[in-house]
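Each remark here refers to the structure printed beneath this line.
The values are calculated or read from the model by the stated rules, or taken from the named source; none is laboratory data. If you're wondering where the values come from, they're calculated on a predicted model, not measured in any experiment. All Cβ positions, even for glycine, are placed from backbone atoms using ideal geometry, and neighbour counts span all protein chains on display. To get the accessible areas, we keep the full protein, side chains included, count just its heavy atoms, and leave off ligands, DNA and RNA. Shrake-Rupley method; radii C 1.70, N 1.55, O 1.52, S 1.80 Å.
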Amino acid sequence: MSIHTEKILILDFGSQTTQLIARRIREQKVYSEIHPYTISLEQIRELSPSGIILSGGPASVYDDDAPISDPGIYDLGVPVLGICYGAQLMMTQQGGRVEQAEKREFGKADLQVDYTAGLFAGMETSPSHYQVWMSHGDRIEELAPGFEVTATSAHSPYAALRHAEKPFVAVQFHPEVAHTLIGTDVLRNFIFGICGCKPEWTMHSFIDSTVREIQHKVGDGKVICALSGGVDSSVVAAMVHRAIGDQLTCVYVNNGLMRSGESESILNFFRQKTDLNVIALDAEKFFLDRLDGIADPEEKRKRIGLGFIELFEQEANKLGDVNFLAQGTLYPDVIESVVFRGKAPIKSHHNVGGLPERMKLDLIEPLRELFKDEVRELGLELGLPEEAVFRQPFPGPGLGIRIMGEITAERLHILRQADVIVLEEMKDAGWYRKVWQSFAVLLPIQTVGVMGDGRTYEHVIALRCVDSKDAMTADWSRIPYDLLGKISNRIINEVRGVNRVVYDISSKPPATIEWE
Ligand code: XMP
């Protein structure tokens, strides 16, 4: 159930830009939620949306296994906007025809608007050329009964459509991307003009409605939450605590793979500034024993994940009848873990996966629909300190996946010292918040160097700094040479056992952000 009053429901057909649609709408202060296209009509009714958007997607509507949403949505009396694949699906479901186009249309196109109401309210027919962004190989060949054309482009005679009587509209272009210069206007016209929404959604109202939702779901049950020291779990803990107070207990497991000081400050905050119950477990030795001699990345991830679950479960059992697990799942986690058409997930992401079924716990995931920057905004609104809110993301398996090869106390010590230098210098130069992540990686090789008059044969540190919006794609950060030089000098001078520093200039894809 969902208590957010006005909302736009987005049905996802697998487009890379579906999440952008949600963002663009929330930027207009209207709440929006993304659900897979397989959502049932019953669930849609329960969500009671003010409008429905059918997203784009890579499939063709005439494929045998094409993703098809329930056609009952057209009988709900709710406005529907189809985008790209969504437009083609709407046409097919309403009785039109879609075929493979002779010429694919990809990139910028000139849109000629013929109808200046509805989606194009406020625009002009003369001059009527607006830059939009297209990406399609199929095109609408025959309109469904009742529909008429509202805009055209060179290769799409049906670039935008409206139903003459019903609130159904469709666009072949992508209004959510920045290259569509009128994109925001088109979406605004849909949500305000056609759906009649009001711009009333803010982080403040999100907190209010989510707090009520959590209270309603939990009743007088007990909730546990794994606090990692990172932004997401801290925000979840603060949010759930606000809703149900001491019915929440947090467990913090120090797996010995944390950055120096990374979690202490957050623990201090919760202990000193709130009355949140936090159980802290020191499990450094436990994890180092389990990782002894293990060099394979997936094996490391599995052992760390399983060890965590084991300890967490023990603590939870001590608490007695716990009913819920609160988790900081974000929107990108939701899509990265969706197995699309049988493709294997890229890495086994470490979270408390497996626990909920084993312990029969219901999940509470209040950040499920949010992006990282929205979570940060929420954290500030909940009163978390800036320093915690703007902390860079840190992976669950911690430094374990930044040490290539075997993890030993000595190698951890080297990496921690290098890592502190990277952070200090990035912060000092004002670059810490400009990048998505900046960290050191310890390589499994040694190289020859010369220090004083002597030959050295020591470790290599790789420096990884990336820019990203949501970790799904990333590029290496163009940080100044002088800053790179300073970091390198300090690491080589101050960290015993390191004689070389290299900078990673790979983007994701094809590389990933972490090295393992
Ligand atoms: P990759 O390396 O897959 O990382 O490009 C994408 C983002 O996810 C973080 N990451 C993790 N976070 N558990 C986490 O909570 C994990 O197992 C994990 N592995 C990677 C990584 O730091 C980056 O921000």
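Conditions tested, residue by residue: (1) without any contact (Cβ under 8 Å) to a residue 12 or more places away in the chain; (2) within 15 Å of the ligand (Cβ to nearest atom); (3) over 28 Å from the mean Cα position of the chain (by Cα); (4) open to solvent by 30 Å² or more (accessible area, probe 1.4 Å).
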site: E374; (1), (2), (3), (4): no, no, no, no
site: E377; (1), (2), (3), (4): no, no, no, yes
site: F390; (1), (2), (3), (4): no, yes, no, yes
site: E406; (1), (2), (3), (4): no, no, yes, yes
site: D419; (1), (2), (3), (4): no, yes, no, no
site: C465; (1), (2), (3), (4): no, yes, no, no
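Does the range 333-355 contain at least one residue that is open to solvent by less than 40 Å² (accessible area, probe 1.4 Å), modelled with pLDDT of 90 or more and closer than 27 Å to H35 by Cα? Among the residues of the range 333-355, not one is open to solvent by less than 40 Å² (accessible area, probe 1.4 Å), modelled with pLDDT of 90 or more and closer than 27 Å to H35 by Cα, which makes the answer no. Every listed requirement among (1) in the same structural domain as I445 (by TED's automatic domain parsing); (2) modelled with pLDDT of 95 or more is met by E514 save one, (1).
T116 meets each of the listed conditions (1) touching a residue at least 12 places away in the same chain (Cβ under 8 Å); (2) under 25 Å from V30 (Cβ atoms); (3) in a loop (DSSP other than H, G, I, E, B); (4) among the polar types (S, T, N, Q) apart from (1).
Residues checked against (1) under 23 Å from the mean Cα position of the chain (by Cα); (2) of a type in the set (S, T, Y); (3) surrounded by 16 or more Cβ atoms within 10 Å (Cβ to Cβ):
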| site | (1), (2), (3) |
| --- | --- |
| W436 | yes, no, yes |
| F439 | yes, no, yes |
| M451 | no, no, no |
| G454 | no, no, no |
| D470 | yes, no, yes |
| S477 | yes, yes, yes |
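Mind checking whether some residue in the range 187-205 is open to solvent by less than 60 Å² (accessible area, probe 1.4 Å), touching a Leu at 6+ places or on another chain (Cβ under 7 Å), in the same structural domain as S128 (by TED's automatic domain parsing) and modelled with pLDDT of 95 or more? Within the range 187-205, one or more residues are open to solvent by less than 60 Å² (accessible area, probe 1.4 Å), touching a Leu at 6+ places or on another chain (Cβ under 7 Å), in the same structural domain as S128 (by TED's automatic domain parsing) and modelled with pLDDT of 95 or more. If I filter the range 486-505 for residues that are open to solvent by less than 50 Å² (accessible area, probe 1.4 Å) and within 16 Å of the ligand (Cβ to nearest atom), do I get at least one hit? So far as the range 486-505 goes, yes, one or more of its residues are open to solvent by less than 50 Å² (accessible area, probe 1.4 Å) and within 16 Å of the ligand (Cβ to nearest atom). When every residue of the range 357-380 is checked against the conditions, none turns out to be in a loop (DSSP other than H, G, I, E, B) and under 30 Å from Q446 (Cα atoms). Only one entry in L54, L89, L119 is modelled with pLDDT of 95 or more, surrounded by 18 or more Cβ atoms within 10 Å (Cβ to Cβ) and touching a Lys or Arg at 6+ places or on another chain (Cβ under 8 Å), namely L119.
Cβ-Cβ distances below 7 Å connect the following pairs, each with a first residue in the range 263-278 that is modelled with pLDDT under 85, a second residue that is aromatic (F, W, Y), and a separation of six or more residues or different chains: S263/Y252; L267/Y252. Within the range 429-463, if we keep just the residues that are within 12 Å of the ligand (Cβ to nearest atom) and assigned to a loop (DSSP other than H, G, I, E, B), the residue that is nearest to N493 (Cα to Cα) turns out to be V435. No other residue among A109, A151 is surrounded by 13 or more Cβ atoms within 10 Å (Cβ to Cβ), in contact with a His (Cβ under 9 Å, 6 or more places away or on another chain) and not in a helix (DSSP H, G or I) apart from A109. On the given criteria, is Y62 in the same structural domain as P157 (by TED's automatic domain parsing), more than 25 Å from Y130 (Cα to Cα) and either of a type in the set (F, W, Y) or free of Cβ contacts under 8 Å to residues at least 12 places away in the same chain (or both)? Here the answer is yes, as Y62 does meet what is asked.
Run down A295, A316 and say which single residue is open to solvent by 20 Å² or more (accessible area, probe 1.4 Å) and either assigned by TED's automatic domain parsing to the domain that holds I224 or not in a loop (DSSP other than H, G, I, E, B) (or both). None of the others qualify; the one that does is A295.
Selection of the range 237-248 for residues being surrounded by fewer than 20 Cβ atoms within 10 Å (Cβ to Cβ) and either within 15 Å of Q327 (Cβ to Cβ) or under 24 Å from the mean Cα position of the chain (by Cα) (or both) yields only R242. You will find that of A474, A440, A462, the residue that is at pLDDT below 95 and on the phi < 0 side of the Ramachandran plot is A474 and no other.
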